[in-house]
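The values are calculated or read from the model by the stated rules, or taken from the named source; none is laboratory data. Note that the coordinates shown come from a computational prediction; the quantities given were computed from them, not determined experimentally. As a convention, Cβ positions derive from the backbone with ideal geometry for all residues, glycine included, and neighbour counts pool all protein chains shown.
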Amino acid sequence: MKKIVSLVLALLMMTSVLFSAPISANTASLDNAVNETRTNANEESGFMAFIHALFYSKLTFDTDGGSDVPPQYAFKLFGKFKTPANPKKEGYTFAGWEPSLPTRAPLFGNVTVKAKWEAKTYQVKWVVDGKTYSSAEVEYGAKITRPADPKKEGYSFVGWSPDVAEKMPA
C-alpha cells in the first residue's frame, strides 16, 4: 500500500510540475501546492482537467448573496481543506456552513457548502419631546410598523422626522 501511495504522490507532483505553473518556494504544504497548481491550471484544459479530477477534490462555497469565497482544492487521499474567512452580507450575521465544512477531502466527488445567515435585529425608538414614546426590535428587511400617532394638547401631529423607511435598513 505504501508503494502505491508513493507512486501516486510522485505522479501528482510530476503532473503539477510538468503541466502547470511551478510550485513556489514559499508553499508551506501539499494542500497549498494543490491549491496553487489547481488555481493556475485551466479548468477546461483536457489532460490537466482529467489529472486534477482524478487526484483532487474541490470544495465550493455558495455564499447565498454574501461576499465571494474562492474554491479550494485538496489531494483526495489525505488532503485537508482550510477554514476560510467568514463571508459578509449586509444586514446579516454569518451562521456557518450547511453541511458543515469537511476537514478532509473526500475520496470520491467534490463538495459544495452553502452559507447560513441570520438577519440582524435593530432597536427602533420613537421619541417624542426627548422621551421614548414607543420602541420595537425589527429584523433587517422586515416591515417597520409605526406606533399610533402621539397626542399632545394644543398640537396636531404631522409626522415623524426623519421619514420612516418601509423596511428596516442595515
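Things worth noting here:
- Residue among Ala95, Ala142, Ala105 that is out of contact with any Leu (no Cβ under 7 Å at 6 or more places or on another chain) and over 30 Å from Val164 (Cβ atoms): Ala105
- Once region 133-168 is narrowed to residues that are among the aliphatic types (A, V, I, L, M) and under 27 Å from Trp117 (Cα atoms), the residue that is modelled with the lowest pLDDT is Val164.
- If the condition is being among the hydroxyl-bearing types (Ser, Thr, Tyr) and either within 28 Å of Gln123 (Cα to Cα) or in contact with a Lys or Arg (Cβ under 7 Å, 6 or more places away or on another chain) (or both), then region 64-109 contributes Ser67, Tyr73, Tyr92, Thr93, Thr103.
- When the test is whether a residue is surrounded by 15 or more Cβ atoms within 10 Å (Cβ to Cβ) and of a type outside the set (A, V, I, L, M, F, W, C), Pro99 does not pass it.
- Per-region count, region 127-168, residues within 29 Å of the chain's Cα centre (by Cα), basic (Lys, Arg) and part of a loop (DSSP other than H, G, I, E, B): 0
- Selection within region 41-63 - buried (at least 20 other Cβ atoms within 10 Å of the Cβ), over 18 Å from the mean Cα position of the chain (by Cα), hydrophobic (A, V, I, L, M, F, W, C) and not in a loop (DSSP other than H, G, I, E, B): Met48, Ile51, Phe55
- Verdict on Tyr133 being free of Cβ contacts under 8 Å to residues at least 60 places away in the same chain and within 30 Å of Phe94 (Cα to Cα): no
- Counted as qualifying within region 64-126 are the strands (runs of 3 or more DSSP E) with 2 or more residues that are more than 13 Å from the chain's Cα centre (by Cα), of a type outside the set (Lys, Arg) and more than 28 Å from Ala53 (Cβ to Cβ), namely 111-119.
- Selection status of Lys120, surrounded by 13 or more Cβ atoms within 10 Å (Cβ to Cβ), modelled with pLDDT of 95 or more and among the charged types (D, E, K, R): yes
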